[in-house]
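Asker: Let me begin by handing over the structure; questions about it come next.
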Amino acid sequence: MPGHNTIRVIPLLAGMTLLLSCGRDIEKVSRIENPDTLPAIHATAIEIIYSDSAIVRLTIEAPEYKDFAQLDSLQPKSEFPKGLTATFYNRSGGKESVMTSGYAIYHVKKQLFEARDSVVVRNYTENQELHASVLWWDERRKKIWSDEPVTIITADGITCGDAGFDADQNFTEYHIRGARGDMRVKEDK
């Protein structure tokens, strides 16, 4: 019965073809199951409001938000791939400062925030503006810094930090590394 062996070979070949064709998709499936590559939340046109004792302290507006902050994730993070605008408020509800950037990411376990691409911080209390390509904020240490060149504009002039700067998170005390610039200085009479 020559036809009987052919019938057994056809299911075997079909099964092997199916198995081999699925082999390439195993990589895709593992990417989907990995919490570091698939956001738990993906939203557009978002506004996040942070408050303390019923007082708004911070608002974040962003065109896109991706939350990878799952507990089983190796590197939980919140990502703003199209940038954000963060507005900080003082205790009386007045606007203290505004930060904009073209990209931002918050590393949850490290409590470390990174802003990139045309970062601008406007401090209305001190009447100054900071421009940087990269800005870091360490939530634990309450420090902000950049190791990239920065420009600080005040009413008295412009200061450039060719090697970056370090500051407290309120940007009231700061140290500019590799400082140069033009400043107006009042002379004593």
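The values are calculated or read from the model by the stated rules, or taken from the named source; none is laboratory data. Keep in mind the model is a prediction, meaning the values are calculated, not measured. All Cβ positions, even for glycine, are placed from backbone atoms using ideal geometry, and neighbour counts span all protein chains on display. Accessible surface is based on the protein model in full, side chains and every heavy atom, while ligands, DNA and RNA are left aside. Shrake-Rupley method; radii C 1.70, N 1.55, O 1.52, S 1.80 Å.
Asker: Would you work out the charge dipole size for region 53-189 about its Cα centre, treating the Cβ of every Lys and Arg as +1 and the Cβ of every Asp and Glu as -1, and quote it to the nearest 20 debye?
Answerer: Working: 19 positive and 22 negative charges, 63 e Å.
The calculation lands at about 300 debye.
Asker: Next question. Kindly flag which residue pairs out of Lys110/Lys142; Lys110/Lys143; Lys77/Lys143; Lys66/Lys143 have an alpha-carbon separation exceeding 22 Å in this structure.
Answerer: Values: Lys110/Lys142 13 Å; Lys110/Lys143 13 Å; Lys77/Lys143 19 Å; Lys66/Lys143 25 Å.
Pairs exceeding 22 Å: Lys66/Lys143.
Asker: Related question: Starting from the Kirkwood Rh over alpha-carbon pairs, what translational D in µm² s⁻¹ does region 32-178 have by Stokes-Einstein at 37 °C and 0.692 mPa s?
Answerer: Stokes-Einstein gives a translational diffusion coefficient of 203 µm²/s.
Asker: For region 151-161, take each phi angle, set θ = phi - 60°, evaluate the Karplus expression 6.51 cos²θ - 1.76 cosθ + 1.60, and give the result in whole Hz per residue in order, putting x for glycine and proline.
Answerer: So the J values, rounded to whole Hz, are 10, 10, 10, 10, 5, 8, x, 10, 10, 10, x.
Asker: Now, a different point. Using alpha-carbon positions, what is the distance between the centroids of region 69-121 and region 122-183, in Å?
Answerer: Taking the Cα centre of region 122-183 as reference, the centre of region 69-121 is 17 Å away.
Asker: Something else now. Evaluate region 101-161: find the radius of gyration of its Cα atoms, find its Kirkwood radius, and give the ratio Rg to Rh.
Answerer: Reported Rg/Rh, Kirkwood definition of Rh: 1.00.
Asker: A further question on this structure: When the Kirkwood hydrodynamic radius is evaluated over all pairs of different C-alpha atoms of region 129-183, what value in angstrom, to one decimal, is obtained?
Answerer: 11.1
Asker: Per residue, what accessible area does region 113-180 have, given a 1.4 Å probe and all protein chains present, in Å²?
Answerer: Here the residues of region 113-180 average 55 Å² of exposed surface.
Asker: Using R₀ = 41 Å, calculate the FRET efficiency as 1/(1 + (r/R₀)^6) where r is the Cβ-Cβ separation of Lys95 and Asp188; round to 0.05.
Answerer: So the FRET efficiency works out to roughly 0.70.
Asker: With a 10 Å radius around each residue's Cβ, average the other Cβ atoms per peptide and rank 134-142, 87-95, 161-169, 48-56, highest first.
Answerer: Ranked from most to least packed, the peptides come out as 161-169, 134-142, 87-95, 48-56.
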